[in-house]
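Structure first, then comments.
No lab work stands behind these numbers, since they all come straight from the coordinates. Values in this document were obtained by computation on a predicted structure and should not be read as measured data. Here the Cβ positions follow ideal geometry from the backbone for every residue, glycine too, while neighbour counts run over all protein chains shown.
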Amino acid sequence: MCLVLHQLFYWWWRVTNNLLEQTPPDPAIAAPPVDVMAAITAAAMPTASDVMPAPPAAPATPRWLWFAVGALVTWGFWAFLPKLALKSMQPHSVIFYEALGNLLIAVPVLIYLRGRVMWHRRSVPIAAVLSIMTVSAFMMYFFALKNGPVATIVTLTALYPVIAVLIARVFLGEKLNRLQWAAVCSAVCAALLLAS
């Protein structure tokens with residue numbers, strides 16, 4: 001390829017400097033041979049291996065991300081609205097009405113499933129314990145909201161993923177990289193600062 005370009009440049013330089021008229025034409029240099037032009041054309045034309053692949057299309061936003069953002073916004077309202085209810089009711093009453101609201105959601109879900117609720121001898125007890133823990137957490141959260149500032153309580157209780165991360169590390173063996181450990185440590189420091 002370099003030889004072809006050298007010969008073409010030499011021919012072009014002689015033509016532009018009128019050297020072709022002063023010296024007898026050399027058949028190898030006077031005009032670029034047809035095979036040289038074919039080589040140049042072939043070199044200039046991209047082959048299938050030379051063509052850059054099209055950049056990948058931007059991935060569509062995953063569906064789970066929209067659900068996660070929806071949960072985030074909903075939990076934001078959920079964390080704030082009990083404070084309004086607790087201005088006129090005791091935490092026990094608020095937790096009762098919240099459970100009633102859960103029942104109003106559970107019945108349509110049961111109808112949607114046509115009564116075919118799954119049963120597993122290990123998962124159902126876990127779900128029952130989960131329900132007890134949820135109600136207990138609600139009660140503690142509502143008592144805290146009744147007597148304390150919303151901003152501090154919501155921020156402090158929003159650090160619960162740190163507990164989930166540590167439990168997943170111990171029981172499920174999930175690994176954390178250095179940046180994730182730094183985030184956990186930062187969250188613990190934030191909890192200590194909020195509690196002081």
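Semi-axes of the equivalent ellipsoid for the stretch 103-196, please: Cα gyration tensor eigenvalues, times 5, square-rooted, ordered largest first, whole Å.
31, 22, 11
With N set to the number of residues, divide the alpha-carbon radius of gyration of the stretch 58-118 by 2.2 N^0.38 Å and report two decimals.
Against the compact-globule rule of thumb, the ratio is 1.56.
Using +1 at the Cβ of each Lys and Arg and -1 at the Cβ of each Asp and Glu in the stretch 97-196, identify which of Leu172, Pro161, Leu130 lies farthest towards the dipole's positive end.
Farthest along the dipole direction, towards plus: Leu172.
Points 7 angstrom from Cα along the Cβ direction at Cys185 and Phe138: gap in nanometres?
The modelled label-to-label distance comes out at 3.8 nm.
Measure of size requested: the Rg and Dmax of the stretch 92-135, with Cα atoms as the atom set and Å as the unit; please supply both.
Both quantities, over Cα of the stretch 92-135: 12.3, 33 Å.
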